[in-house]
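The values are calculated or read from the model by the stated rules, or taken from the named source; none is laboratory data. Because the structure is a prediction, the values reported are computed rather than measured. Note that we place each Cβ from the backbone using ideal geometry, even for glycine, and neighbour counts take in every protein chain shown.
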Amino acid sequence: MKLVTIAGPAGGSPGAVLQSGEIIDLRLAARLGSLDQWIPSSVIGILAGGDAGLALVGDLVEHTEASDLRQRSMLAEKGAILPESTRLLSPVPAPTMVVAAGLAYNSHLKEMSGTPPPRHPTGFLKIPASITGSGANVRLPPHAAEHMDYEGELAVIFGKHCHCVEAENSLDHVAGYSVANDFSARDWVYDAWRAEGAWEARLTWEVNIMGKQFPGFTAVGPWLVTRDELSDIGNQKLTTHINGQMVQESPISDTIFSLADTIAHFSRWYSFCPGDILLTGTPAGVGVGRKPPLFLKPGDRVEVGITSVGRLVNHIES
């Protein structure tokens, strides 16, 4: 099942993708179908309902798929079935927390001057206000527009409270997956690389992390694919294209640490809630790692795709 957030007032409304590619407005479809069900007002609300909440939505989607032409026409006329071109927000537009893993892929460490692998997963927080969806324009920060970079990533979206879990059951807390782009203003990364002494390096690296917090710099979408549809997430391939040219290509399995181990590690400190997001790092091919570097400019089209998950598309504007 693919869950979406349909753009609209009050943060949008929850929906799902039908086999035709059309979008079903879940709350409106439930009311029009006279189904004795309560559909929450957000995807987070659905996820907070646990397995029962997802099962309820799954039943509604199956009921709609099985509807005859007359019923589907009625739902479309009333706005409960929307065209595939419907504008979507990020599947979870307002999570309580976004954690982004860094130094996560073997290939990425090699391109960054042979950075040694960390002893455990590393990461940082991104502010939820930086989230945007597929199809949205992302603006170059006016005071940091020279070195805007891309990082195609797999996004994990939690469906259950997750704190201090063990690796063997950490995936049980995952609702599903999405595609992400961890945009980064690298204007300060060179200061960090040129730093003389640990304290100076630390201070400049903190500013570099702040360059990941601008509006729209956490693109996630277009939908959440529930975990039951993707038991082999490690076998999926991630690609990133800029204006049609492929700049990243890697299997998800190239990560240094398994997804289960990464979730378990971060859960030792963070208490993930339904709808919270974990970005799982990026493979080789980022702009700052290229010779010469490749940075984004106004008019660029950036597309991140993950097989069996989806394609996230954003345009860069000044």
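Before we move on, is Leu103 among the hydrophobic types (A, V, I, L, M, F, W, C) and not assigned by TED's automatic domain parsing to the domain that holds Leu238? Even if it seems obvious, please write down each step before you answer.
Numbers: among the hydrophobic types (A, V, I, L, M, F, W, C): yes; not assigned by TED's automatic domain parsing to the domain that holds Leu238: no.
No; evaluated as a whole, the condition is false for this residue.
Just wondering, is there one or more residues in segment 77-93 that are farther than 23 Å from Ser134 by Cα and either surrounded by 14 or more Cβ atoms within 10 Å (Cβ to Cβ) or outside the structural domain of Pro128 (by TED's automatic domain parsing) (or both)? Quick ask: steps written out before the conclusion?
Initially, segment 77-93 is screened for residues farther than 23 Å from Ser134 by Cα, giving 77-78.
Pick out the ones that are also either surrounded by 14 or more Cβ atoms within 10 Å (Cβ to Cβ) or outside the structural domain of Pro128 (by TED's automatic domain parsing) (or both) and you get 77-78.
The answer is yes, given that some residue of segment 77-93 is farther than 23 Å from Ser134 by Cα and either surrounded by 14 or more Cβ atoms within 10 Å (Cβ to Cβ) or outside the structural domain of Pro128 (by TED's automatic domain parsing) (or both).
Considering only segment 207-249, how many residues are in a helix (DSSP H, G or I) and under 20 Å from Leu140 (Cα atoms)?
Let us first name the residues in segment 207-249 that are in a helix (DSSP H, G or I), namely 207-210, 227-229, 233-235.
Pick out the ones that are also under 20 Å from Leu140 (Cα atoms) and you get 207-210.
Summing the residues that are in a helix (DSSP H, G or I) and under 20 Å from Leu140 (Cα atoms) in segment 207-249 gives 4.
Which one of Ile23, Ile44, Ile39 is under 26 Å from Ser134 (Cβ atoms), modelled with pLDDT under 90, of a type in the set (A, V, I, L, M, F, W, C) and not assigned by TED's automatic domain parsing to the domain that holds Lys212? Spell out the reasoning first.
Working: Ile23 fails: modelled with pLDDT under 90; Ile44 fails: modelled with pLDDT under 90.
Every option except Ile39 fails the conditions.
Name the pairs: first residue in segment 40-54 and assigned to a helix (DSSP H, G or I), second residue surrounded by fewer than 20 Cβ atoms within 10 Å (Cβ to Cβ) and at pLDDT 95 or above, Cβ to Cβ under 7 Å, at least 6 apart or on different chains?
Qualifying pairs under 7 Å: Gly50/Lys160.
Specify the residue that is nearest to Lys160 (Cα to Cα); the eligible residues are those in segment 268-318 that are in contact with a helix residue (DSSP H, G or I) (Cβ under 7 Å, 6 or more places away or on another chain) and hydroxyl-bearing (Ser, Thr, Tyr).
In this case the residue turns out to be Thr280.
Out of all the residues in segment 53-86, which are closer than 27 Å to Phe158 by Cα, of a type in the set (Ser, Thr, Tyr) and modelled with pLDDT under 95?
Passing the criteria: only Thr64.
Could you count how many residues in segment 132-189 are assigned to a helix (DSSP H, G or I) and of a type in the set (Val, Ile, Thr)? Step through it out loud before you land on a result.
Here is the first cut: in segment 132-189, the residues assigned to a helix (DSSP H, G or I) are 167-173, 186-189.
Filter once more, so that each one left must be of a type in the set (Val, Ile, Thr): 189.
So the answer is 1.
Restricting the search to segment 267-283, which residues are touching a Phe, Trp or Tyr at 6+ places or on another chain (Cβ under 8 Å) and either farther than 14 Å from Phe124 by Cβ or surrounded by fewer than 21 Cβ atoms within 10 Å (Cβ to Cβ) (or both)? Can you show your working first?
To start, the set of residues in segment 267-283 that are touching a Phe, Trp or Tyr at 6+ places or on another chain (Cβ under 8 Å) comprises 272-278, 281-283.
If the condition is that a residue be touching a Phe, Trp or Tyr at 6+ places or on another chain (Cβ under 8 Å) and either farther than 14 Å from Phe124 by Cβ or surrounded by fewer than 21 Cβ atoms within 10 Å (Cβ to Cβ) (or both), then Phe272, Cys273, Pro274, Gly275, Asp276, Pro283 are the ones that fit.
When segment 253-311 is examined, which residues are found to be under 24 Å from Pro91 (Cα atoms), in a loop (DSSP other than H, G, I, E, B) and of a type in the set (A, V, I, L, M)?
Listed by number, the list holds a single entry, Val309.
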